[in-house]
Amino acid sequence: MARVRLKDVAAACGVSPATVSLVLNEASDRIPATTIARVRAAADELGYTPNTVARSLRTRRTHTIGAVTDTLITTASSAPMVQGALDVAWRHDHLVLWLGTEDQPDHLRQAVASLVARQVDGFLVGAMYHRRLPFASLTQGIPTVGLNAVSDDPAAPCFVPDDFGAARAAVRLLLDHGHRRIAHISEPVGDGLARQLRVDGFRAALTEAGLGEGRVLVPPHWHEGSGFAEELALRALDAPDRPTAIFAFNDIAATGVYHAARRLGLSIPGDLSVVGFDDYVNVASELYPKLTTMALPHRRMGQLATEALLARLGVLDGEAPEGVTRVACPPVVRDSIAPPPRDR
């Protein structure tokens with residue numbers, strides 16, 4: 001079937017192609033309402049769709065956003081970040097082209113170059129985990145916003161979780177229940193920013209409560225799954241001064257704490273309270289008892305980052321914030337917290 005053109009719509013409703021163009025591009029202030037209605041009805045009936053290539057030549061805008069990520073689009077738990085960005089883009093007539101680099105530096109450069117060649121209007125550069133990425137030097141001056149990533153350009157808008165504030169809030173939740181011996185199971189030192197921010201938030205809450213910096217358990221190497229957290233928790237919980245509560249780096253680590261507690265015959269939350277982080281799909285809500293955790297604001301970050309990019313492009317009113325915006329991680333209170341045994 002041949003493509004329906006402007007002149008076909010014009011012929012169907014007895015007006016000029018210029019009039020049809022004005023109506024369909026919403027530049028029809030001086031055209032009678034009856035004519036506008038007739039043109040739109042004809043376009044709908046004929047199945048007319050605008051020629052985006054022709055429009056981009058005229059406006060020098062393609063209405064496309066290039067989204068370059070590491071493993072974000074291939075990881076189920078981060079799907080809300082993608083959906084949040086799409087929600088905003090679709091609402092403002094923009095298409096998002098997602099490219100995953102699988103965390104290969106050469107692929108990152110190739111992906112950016114490919115999208116530049118396709119004349120995207122702007123970039124979202126996203127990361128699966130909160131870290132620093134050198135993307136400002138790659139995107140050649142095209143408006144760019146970081147999504148769960150911090151830019152090498154300190155002025156670039158970037159939206160990341162408030163890992164520090166959420167960790168402090170998680171520990172305060174345990175303190176409010178009467179716990180004083182609280183340990184934190186962290187992850188190995190790496191290039192992520194979340195690890196240290198969560199450690200700092202943990203220590204800040206305990207210091208503010210007059211309890212010192214607390215005990216941080218760090219595995220020497222990275223391991224898949226919850227096994228590393230289980231081994232750390234076993235050693236901590238089998239000691240005479242065992243903690244009455246553990247704040248885990250994420251929900252997978254919290255799962256390891258659950259396994260360790262069961263191996264030692266400890267009940268949750270009767271003998272041990274546990275708080276996780278992330279609110280992973282099919283993890284926190286499926287543990288028994290259900291895990292109290294701090295939810296990563298993935299969808300909200302996707303929305304905010306795309307709104308900021310559209311503001312930089314002049315599509316939305318207002319100014320995009322400069323620098324790093326830390327997005328709140330709300331607590332999801334379930335069943336894994338109770339007062340320590342001596343207070344029950």
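Here are the numbers for the structure shown:
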| item | result |
| --- | --- |
| Percent carbon-and-sulfur accessible area, the chain, ignoring ligands, DNA and RNA, probe 1.4 Å | 52 percent |
| Thr74/Arg235 FRET efficiency (R0 41 Å; Cβ-Cβ; nearest 0.05) | 0.75 |
| Cα-based Rg of the chain normalised by 2.2 N^0.38 Å, two decimals | 1.28 |
| Considering only the chain, percent of DSSP beta bridges that pair antiparallel, nearest 5 | 5 percent |
| Label-point separation, Glu224 to Ala155 (7 Å along Cα→Cβ), nm | 4.5 nm |
| Sequence of Glu208, Glu322 from largest to smallest accessible area, 1.4 Å probe | Glu322, Glu208 |
| Local net charge near Asp191, Cβ-Cβ under 13 Å (Lys/Arg +1, Asp/Glu -1) | 0 |
| Residues Gln83 and Asp335, FRET efficiency given R0 of 25 Å [Cβ-Cβ distance, rounded to 0.05] | 0.35 |
| 3J(HN,Hα) from dihedral phi, the range 73-90, Karplus parametrisation 6.51/-1.76/1.60, rounded to Hz, x for glycine, proline | 7, 10, 10, 4, 5, 9, 3, x, 5, 4, 5, x, 5, 5, 3, 6, 4, 4 |
| Two-site FRET efficiency, Thr207 against Leu264, from Cβ-Cβ distance with R₀ of 35 Å, rounded to 0.05 | 0.75 |
| Packing-based order for 333-340, 97-104, using average beta carbon neighbours within 10 Å, highest first | 333-340, 97-104 |
| 5 angstrom amide H check on Leu95, placed H, neighbours 5+ away | Thr64, Ile65 |
| Burial ranking of peptide ranges 62-74, 82-94, 237-249 (average Cβ count within 10 Å, highest at the top) | 62-74, 237-249, 82-94 |
| Degrees between helix 251-263 axis and first principal axis of the chain (Cα, 0 to 90, nearest 10) | 30 degrees |
| Choice from Asn250, Asn282, Asn148 showing the highest fluctuation, given a GNM over the chain with Cα pairs closer than 10 Å | Asn282 |
| Residue-normalised accessible area of the chain, given per residue in Å² at a 1.4 Å probe | 48 Å² |
| Separation in nanometres of the label points that stand 7 Å from Cα toward Cβ, at Glu45 and Ala18 | 2.5 nm |
| HN-Hα J in Hz across the range 165-174 - Karplus 6.51, -1.76, 1.60, θ = phi - 60°, x for Gly and Pro | x, 5, 4, 4, 5, 5, 5, 4, 4, 5 |
| Net charge over other residues, Cβ less than 12 angstrom from the Cβ of Ala239 (K, R count +1; D, E count -1) | +2 |
| Whole-Hz ³J(HN,Hα) from phi, Karplus 6.51 cos²θ - 1.76 cosθ + 1.60, for the range 311-327, glycine and proline x | 5, 5, 7, x, 6, 10, 6, x, 9, 6, x, 8, x, 8, 10, 9, 9 |
| Helix-only [θ]222 nm of the chain, DSSP H runs n ≥ 4, -39500 (n - 2.57) each, per residue, nearest 500 | -12000 deg cm²/dmol |
| Amide hydrogen neighbours beyond the local backbone of Phe159, cut-off 5 Å, H modeled | Gly146, Leu147, Asn148, Ala149, Thr325 |
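The values are calculated or read from the model by the stated rules, or taken from the named source; none is laboratory data. Values in this document were obtained by computation on a predicted structure and should not be read as measured data. Counting neighbours? That spans all protein chains shown, and the Cβs are built from the backbone with ideal geometry, glycine included. To get the accessible areas, we keep the full protein, side chains included, count just its heavy atoms, and leave off ligands, DNA and RNA. Shrake-Rupley method; radii C 1.70, N 1.55, O 1.52, S 1.80 Å.
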